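Heads up: the structure comes next, in structure tokens.
The values are calculated or read from the model by the stated rules, or taken from the named source; none is laboratory data. None of these values were measured; they are calculated from a predicted model. Please note: Cβ atoms are built from the backbone with ideal geometry, for glycine as well, and neighbour counts cover all protein chains shown.
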Amino acid sequence: MSQTAAAGPTPQVTATRNPMPGPTAIQRQARAKVLRPLLMLGGIVIVAIGSFYYWLSGGRIVSIDNAYVRASKLAVATDVSGIVADVAVVEGQRVKKGDLLFRLDPTPFQIALAGAEANLAQMALTIDAMKRDYQRMLRDIDVKLVQIQSDQATYDRYASLVKSGGVPRADFDDARFRLAANQASVESLKVQAQVQLARLGGNADVDPKTTPQYLQAKAQVDEYRRQIAHAQVHAPFDGIATQVESMQPGMYLAASTPGFGLVSTERVWIDASPKETDLTFVKLGDPVHVTVDTYPGHSWKCAVQSIAPASGAEFSVLPAQNASGNWVKVVQRIPLRVACDRKDGDPELRSGMSVIVDIDTGHIRHWRDLAP
């Protein structure tokens with residue numbers, strides 16, 4: 001046998017394929033160089049698109065955190081002076097319109113009123129006496145006129161006899177002087193009657209209640225009655241009494257001196273001070289969402305009631321001047337008032353509370369707003 005045959009069969013060699021080789025480090029670096037700029041640019045584009053969308057969808061709500069609850073407040077006082085007789089309320093008491101707050105001692109006012117009423121009655125009697133006195137003056141004038149007629153007849157008779165010596169010259173002169181005196185007396189009585197008639201307003205039958213003297217006395221009576229009424233102070237509106245301890249019975253209260261405070265529970269509003277740049281699209285009647293720091297989770301539906309015609313700086317004692325060379329522009333704040341619709345069961349709004357005001361202007365931005 002040949003050597004080949006003796007060696008036996010030759011083993012079959014199976015050929016195996018090598019796997020695909022992976023990206024080399026150089027290829028990975030090249031790919032990273034391409035993807036990194038694309039990812040960075042894409043991120044910037046996405047942020048820009050998101051920001052633009054947020055800008056377009058925003059700008060409708062104006063939020064103001066510089067806002068506070070306000071209420072009508074009154075320093076309770078009266079325009080008459082007196083001793084405090086009693087205080088009808090206590091600290092924190094709720095009162096209704098017309099409820100008694102405090103009362104002054106009415107005795108001095110009652111005494112003054114009694115004197116004024118007596119003076120009024122006396123004035124009516126005085127005017128009636130003036131009317132009767134005027135009638136007396138007229139009768140005195142008539143009497144004097146009759147006496148003048150008698151004196152005139154005597155004078156005429158003596159004048160015809162004195163020439164013939166039938167009457168002494170002295171009697172004639174006496175008759176002449178008596179006639180002149182009575183004539184002058186009549187003129188004086190007429191002047192007195194005219195003066196009295198003028199005091200009666202030119203009407204001898206005038207109603208005493210229409211004369212200036214009577215009306216003046218009646219005005220004095222009305223004044224003391226007003227003072228008696230004002231000695232009792234009543235609540236002008238619904239509210240809560242505060243600082244009541246500053247007034248005590250027995251103290252002297254001068255006219256127009258505040259006794260204590262009254263804060264309204266009905267006339268309540270919100271004062272906000274937004275920046276002038278926030279008022280571009282705010283208008284009267286815009287709906288407002290109000291939240292109070294004291295009551296988290298509760299909100300009120302309100303509306304813009306008024307916008308001040310001037311900034312707060314315009315009403316300051318020393319307004320800012322821009323004439324200096326180092327002037328810096330400062331954004332001004334315009335006071336704004338918000339009226340709220342309060343419902344039963346809502347927490348009580350107290351004057352001075354801090355609130356957050358969100359005004360819905362209804363304005364929708366447009367890309368054209370970006371144009372200069």
Problem - Residue in the range 319-328 that is assigned to a loop (DSSP other than H, G, I, E, B), modelled with pLDDT under 90, over 30 Å from Leu262 (Cβ atoms) and β-branched (Val, Ile, Thr) present - result: yes
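Looking at the structure I just gave you, is Ser164 more than 60 Å from the chain's Cα centre (by Cα), more than 30 Å from Phe109 (Cα to Cα), not in a loop (DSSP other than H, G, I, E, B) and not aromatic (Phe, Trp, Tyr)? Can you show your working first?
Numbers: more than 60 Å from the chain's Cα centre (by Cα): yes; more than 30 Å from Phe109 (Cα to Cα): yes; not in a loop (DSSP other than H, G, I, E, B): no; not aromatic (Phe, Trp, Tyr): yes.
Here the answer is no, as Ser164 does not meet what is asked.
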Problem - Subset tally (residues that are under 21 Å from the mean Cα position of the chain (by Cα) and not in a loop (DSSP other than H, G, I, E, B)) for the range 336-362 - result: 5
Completion exercise
Residue pairs qualifying under the 6 Å Cβ cut-off, at least six apart or on distinct chains, with the first in the range 153-165 being surrounded by 12 or more Cβ atoms within 10 Å (Cβ to Cβ) and the second being not in a helix (DSSP H, G or I), are Tyr158/Val167; Leu161/Val167
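Might you let me know whether the range 230-244 holds any residue that is among the β-branched types (Val, Ile, Thr) and more than 30 Å from the chain's Cα centre (by Cα)? So that I can check it myself, show each step before the final result.
Kept after step one, since they are among the β-branched types (Val, Ile, Thr), are these residues of the range 230-244: 233, 240, 242, 244.
Filter again for more than 30 Å from the chain's Cα centre (by Cα), leaving none.
No, the conditions are met nowhere in the range 230-244.
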Fill in the blank from the handout: When Pro208 is run through (1) touching a helix residue (DSSP H, G or I) at 6+ places or on another chain (Cβ under 7 Å); (2) within 19 Å of Gly82 (Cα to Cα), the failure sits at (2)
Practice task
Mind listing whichever residues of the range 174-224 are closer than 30 Å to Thr78 by Cα and crowded, with 16+ Cβ neighbours inside 10 Å?
Solution key: Gln213, Tyr214, Ala217, Lys218, Gln220, Val221, Tyr224
Exercise for the section: Provide a single number: the residues in the range 267-295 that are in contact with a Gly (Cβ under 8 Å, 6 or more places away or on another chain) and part of a strand (DSSP E or B). Expected result: 0
Practice task
Could you check Arg267 against (1) closer than 22 Å to Ser351 by Cβ; (2) surrounded by 17 or more Cβ atoms within 10 Å (Cβ to Cβ) and say which number it fails?
Solution key: (2)
Completion exercise
All conditions in (1) in contact with a Lys or Arg (Cβ under 7 Å, 6 or more places away or on another chain); (2) modelled with pLDDT under 80; (3) not β-branched (Val, Ile, Thr) are true of Ser72 except (2)
Problem - Among the candidates Leu215, Leu197, Leu262, residue that is among the hydrophobic types (A, V, I, L, M, F, W, C), in contact (Cβ under 8 Å) with a residue 60 or more places away in the chain and within 30 Å of Leu125 (Cβ to Cβ) - result: Leu197
